[in-house]
Amino acid sequence: MYKRMLVLRFPPQITDQPLVCTLTREFDLCFNILKAEILPGQEGIMVLEVSGHKKNVTDGLRFLRDVGVKIKSVEQEIRRNDDMCIQCGACTGICPTNALTLDRDTMEVIFDPKQCKGCELCVAVCPVRAMEIRFSKETVLL
Amino acid sequence: MGRHQVSKTYREINEKIKAGRAVVVTAQEMIGIVREKGEVEAAKKVDVVTTGTFSPMCSSGAFINFGHSVPGIKASQVWLNGVPAYAGLAAVDLYIGATEPKQDDPLNRVYPGEFLYGGGHVIHDLVSNKPVHLSALAYGTHCYPRKKLEKRVVLKDLPFAQLCNPRNCYQNYNCAVNVTGKTIYTYMGTLKPRMGNANYCTSGQLNPLFNDPYYKTMGIGTRIFLGGGVGYIVSPGTQHNPDVDRNERGIPKRPAGTLMVLGDLKKMHPRYLAGVSLLGYGCSLAVGLGVPIPVLNEEMAYYTGVSDEDIVTQVVDYGKDYPKGDARPLAEVTYAQLRSGNIEIGGKKITTAPLSSYSRALEIANLLKKWIEQGQFLLSEPQDLISGPEKT
């Protein structure tokens, strides 16, 4: 099972079309809407988890792009609040993709957003909740 | 040990500190000095070794007096930002404990509980100068007729606020793994099934009690770095247990000594006193603590020259063994191995992760070094030493 967490932005002219359901009807994908704000005549925003065969996910996302939806992966939305991080390293044992590692010389915790796949395991494991998922519209629209 | 070749007193070291001539190094720097010069030369050269640790330390809390109101109240129940505090002390005295969750916290009913706010967070908010909501209930007396009080308090306006931690600064701690088939949530963090990770929790060679394993310089009245301010060792901490197996250097191989410490909360800093939430376990407080160790003789130089290679701990299964009260070790590992990023148990390579921040522990040791070098912080000779093992 291949899974992606995405932020979709719908241009105002297509917010009246049923697009997300097409992912299921034509591409055999499952979706879970985590957040949505779609209003007529305005840009719409949706945070969506899509799962299915990798090829189907790729095809489904191509369909969305072709009709004008802008797609951004959610992994870019997981951030570390550096002011809150206490540099303990609890997250490094749990991160499956080595996005969170320790510099063995300084023992500082390094966060490499490029390696992050957005699994969110670190979010609840962090004792000071320094790892943040930014699903809010303000952040997504930045 | 008999007579020493080098012998200094606290007073001599303090005179050097006042004159700006004291040689102060961190416990990390001391390792190389002792290796290179030997204990005697190191003891001649170095006057003070600074240590540090920064990690969640349960058994922490603060005594607070919130001042009399008009009309007065003899508070019998008090909450700070919704977190219950112990009010059975006096009319307006309370103790807020680090692990107390917010009154309406769902705890582990929503599993695994997040424990987002508790006593440790209240203390963190207070030292961050954030206003904290205090509510109090009372039964009312002739002298204190008020039955209910709601007010916002800010640390600087409180008549009295003292951090007083009954058990901090553990001398060694288990390395935790989970042999079961399910993820478990413990005070040692989240442990993945089938020994998917191994968590440990001391600052190793920087840890105060590894640098003075028999507590020869630490005792009642020892002035320390506590939470970014100045504090004191009050006594051995709760669960202080010096009589455990030790290696040839005298370093305990499993959890041993602890310290009870206190200090003026108003002079502390949120960088070194942070509320923490341990998933599925509870709330706590991460405490920054550093102890200066006077190099009174070559024996203390030897002890403070300890490095991660010399310190071992036990790997304990928190899935089945520990909950049954069986701390049977699965393996013994050194802190050098733990810090390398992985250990091997029964041919399986396991990723290690600390819950204790080495980098911030080093920052504390460096800060304390700076305070002493600048003459702002003098060493205090303990009135009584922390009790050591019965047979040394």
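The values are calculated or read from the model by the stated rules, or taken from the named source; none is laboratory data. Keep in mind it's a predicted model, so treat the numbers as computed, not measured. Neighbour counts are summed over all protein chains in view; Cβ atoms, including those assigned to glycine, are modelled from backbone coordinates with ideal geometry. When the accessible area is computed, the model is the full protein with side chains, heavy atoms only, and any ligands, DNA or RNA have been set aside. Shrake-Rupley method; radii C 1.70, N 1.55, O 1.52, S 1.80 Å.
Structural remarks
- Spread of Cα-to-Cα distances over 10 Å intervals beginning at zero, given as percent, for region B:64-163: 16, 47, 27, 8, 1
- Length available on full extension from B:Lys267 to B:Asp245: 0.36 nm per residue minus the Cα-Cα distance, which gives 4.1 nm.
- Of the cross-linked pairs B:Lys192/B:Lys349; A:Lys3/B:Lys320; B:Lys74/B:Lys102; B:Lys253/B:Lys324; B:Lys44/B:Lys267; A:Lys114/B:Lys348, those separated by over 24 Å at the C-alpha level are A:Lys3/B:Lys320; B:Lys44/B:Lys267; A:Lys114/B:Lys348.
- Estimated Rh, region B:115-195: Kirkwood, alpha-carbon pairs, angstrom: 17.1 Å
- GNM top mover of B:Glu381, B:Glu344, B:Glu299 - chain B, alpha-carbon springs below 10 Å: B:Glu344
- Average partner coverage of A:119-129, which counts Cβ from other chains inside 10 Å: 5
- Based on alpha-carbon atoms, the Kirkwood radius and the radius of gyration of region B:164-231 give Rg/Rh equal to 1.12.
- Prolate is the label for region B:1-148, because the ratio a/c of its alpha-carbon gyration tensor axes (a ≥ b ≥ c) is 1.5 or higher and a/b is greater than b/c.
- Compared with the alpha-carbon gap, the fully stretched path from B:Gln162 to B:Arg11 is longer by 51.5 nm at 0.36 nm per residue.
- Sorted largest first, the spans of the alpha carbon positions of region A:43-90 along the three principal axes are 44, 29, 12 Å.
- Remark: mean inter-chain Cβ contacts per residue of B:349-357 equal 6, using a 10 Å Cβ-Cβ cutoff to other protein chain atoms.
- Chains B and A together bury roughly 1800 Å² of accessible surface, counting both sides and using a 1.4 Å probe on protein heavy atoms.
- Solvent exposure, largest accessible area first (probe 1.4 Å, DNA, RNA and ligands not counted), of B:Val70, B:Val83, B:Val230: B:Val70, B:Val230, B:Val83
- Among B:Leu367, B:Ser55, B:Phe115 - extreme Cα towards positive end, dipole of chain B, charges at beta-carbon: B:Phe115
- Positive end of the dipole of the protein assembly as shown (Cβ unit charges, origin at the Cα centre): among B:Val295, A:Gln17, A:Met107, the Cα lying farthest that way belongs to A:Gln17.
- Take every pair of alpha-carbon atoms less than 8 Å apart whose residues are at least six positions apart; their mean separation over the length of chain B yields a relative contact order of 26 percent.
- Counting only Cβ charges, +1 for Lys and Arg and -1 for Asp and Glu, the dipole size of region B:293-336 around its Cα centre is about 320 debye.
- Stokes-Einstein translational diffusion, the protein assembly as shown - Kirkwood Rh over all Cα pairs, 0.692 mPa s, 37 °C, in µm²/s: 129 µm²/s
- Between A:Lys72 and A:Glu43, the contour length at 0.36 nm per residue exceeds the Cα-Cα span by 9.0 nm.
- Here the accessible area is traced with a 1.4 Å probe on the protein chains. For the protein assembly as shown, carbon and sulfur cover 50 percent of it.
- Ignoring the sites themselves, chain B has its longest run without trypsin sites (Lys or Arg not before Pro) in a DSSP loop having at most 16 other Cβ atoms within 10 Å at B:22-146.
- Minimum 30 Å² accessible area buried by the other protein chains, region A:95-111 residues, probe 1.4 Å, relative to alone: A:Arg104, A:Met107
- Using a probe of 1.4 Å, the accessible surface attributed to B:Glu298 totals some 20 Å² when neighbouring protein chains are kept in position.
- Rounded to the nearest 20 debye, the dipole size of chain B about its Cα centre is 820 debye, using +1 on the Cβ of Lys and Arg and -1 on the Cβ of Asp and Glu.
- Seen against the Cα atoms of chain A and their longest principal axis, helix A:54-66 is set at about 60 degrees.
- Derived scalar couplings ³J(HN,Hα) [region B:310-319; Karplus, 6.51 cos²θ - 1.76 cosθ + 1.60; whole Hz; x for Gly, Pro]: 8, 10, 10, 9, 9, 8, 10, 7, 8, x
- Solvent accessible area, Å² - B:Asp310, 1.4 Å probe, full protein context: 40 Å²
- 222 nm mean residue ellipticity, helices alone, for chain B (DSSP H n ≥ 4; -39,500 (n - 2.57); rounded to 500): -5000 deg cm²/dmol
- Chain B: C-alpha gyration tensor shape, a/c 1.5 cut-off, then a/b vs b/c: oblate
- The residues of region A:77-141 present an accessible area of 46 Å² per residue when probed at 1.4 Å with all protein chains retained.
- Taking 1.002 mPa s as the viscosity and 20 °C as the temperature, the Stokes-Einstein diffusion coefficient of region A:1-111 based on its alpha-carbon Kirkwood radius rounds to 133 µm²/s.
- GNM top mover of B:Thr222, B:Thr304, B:Thr183 - chain B, alpha-carbon springs below 10 Å: B:Thr183
- Rh (Kirkwood; distinct C-alpha pairs) - region A:82-122, Å: 10.4 Å
- Using a Gaussian network model of chain A in which every pair of alpha carbons under 10 angstrom is joined by a spring, one finds that among A:Asp83, A:Asp16, A:Asp59 the greatest mean-square fluctuation is at A:Asp83.
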